[in-house]
1. Identify the residue in the range 80-99 that is of a type in the set (G, A, S) and closer than 30 Å to E70 by Cβ and, among all such residues, is surrounded by the most Cβ atoms within 10 Å (Cβ to Cβ).
2. Can you run down the residue pairs with Cβ atoms below 9 Å, 6 or more apart or on separate chains, where the first is in the range 86-107 and at positive phi and the partner is of a type in the set (D, E, K, R) and assigned to a loop (DSSP other than H, G, I, E, B)?
3. Any idea which residue in the range 39-79 is surrounded by the most Cβ atoms within 10 Å (Cβ to Cβ), counting only those that are among the hydrophobic types (A, V, I, L, M, F, W, C) and touching an Asp or Glu at 6+ places or on another chain (Cβ under 8 Å)?
4. Considering each of T101, T127, T122 in turn, give the residue that is out of contact with any Lys or Arg (no Cβ under 6 Å at 6 or more places or on another chain), under 21 Å from F6 (Cβ atoms) and β-branched (V, I, T).
5. Failed condition for A36, given (1) part of a strand (DSSP E or B); (2) over 13 Å from the mean Cα position of the chain (by Cα); (3) among the small types (G, A, S); (4) within 30 Å of A58 (Cα to Cα), with all others met?
6. Any residue in the range 29-57 that is at negative phi sitting within a Cβ distance under 7 Å of a residue that is surrounded by fewer than 15 Cβ atoms within 10 Å (Cβ to Cβ) and assigned to a loop (DSSP other than H, G, I, E, B)? List the pairs, counting only those 6 or more apart or interchain.
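Rule-based calculations on the coordinates, nothing more; no lab input. Bear in mind the structure is a predicted one, so any value in this text is a computation, not a measurement. Here the Cβ is made from the backbone with ideal geometry for all residues, glycine too, and neighbour counts use every protein chain on show.
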Amino acid sequence: MDTANFFEKLEGTWFSQRTTHVVAAQPSQVGQCTLAMTRLAADDPSVINLCKQFTLDAQKTVFAFRIEQESRLGTETQPTCRATVMVGLQSDVVGSGPFLTQTERESAIAGQYHVSPEAVLTLITETDQLRSEERLWFLNPNLRMRTSLVKRADGLQISSFCSEIRRMVTQPAS
């Protein structure tokens with residue numbers, strides 16, 4: 001599978017069931033969320049603005065998404081909602097390059113993405129305060145798995161596993 005086809009498969013609305021474990025701190029927590037992933041064009045203002053923050057050329061966009069997330073963790077009764085823009089740019093290495101991400105409440109961060117020959121997407125971000133590694137792969141076009149490991153500078157580690165099912169849009173009866 002080529003890189004472009006991989007990213008096309010990400011678009012859609014996904015139901016995610018997540019288990020999160022804070023290593024050496026507390027028992028695992030479960031949560032659910034809905035992820036609506038909408039592709040954005042390289043000339044979308046949010047893509048251009050995000051690329052400008054890092055002095056990168058938006059015309060080198062390989063993938064760009066607006067990700068709208070509504071999630072509940074544990075026994076929370078009110079969902080947490082947030083929107084994220086994520087942009088991946090081409091590089092000299094096929095299937096790899098820089099990616100940028102920003103939510104409406106946080107500063108933009110840059111990382112590296114890589115799509116392996118086995119069609120596993122790896123996203124790595126590092127700051128002074130943390131290192132995050134996330135992996136995503138498909139079992140079939142409508143079922144994907146996602147894992148993440150976050151290591152904070154203070155030694156705290158958080159891992160999670162998600163199984164995500166694409167929500168199908170049914171056609172009305174004729």
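1. G88
2. G95/D2
3. Once the filter is applied, the top-ranked residue is A64.
4. T101
5. Here A36 clears every test but (2).
6. Correct list of pairs: Q29/G74; V30/G74; G31/G74; M37/E11; T38/E11; R39/E11; C51/D57.
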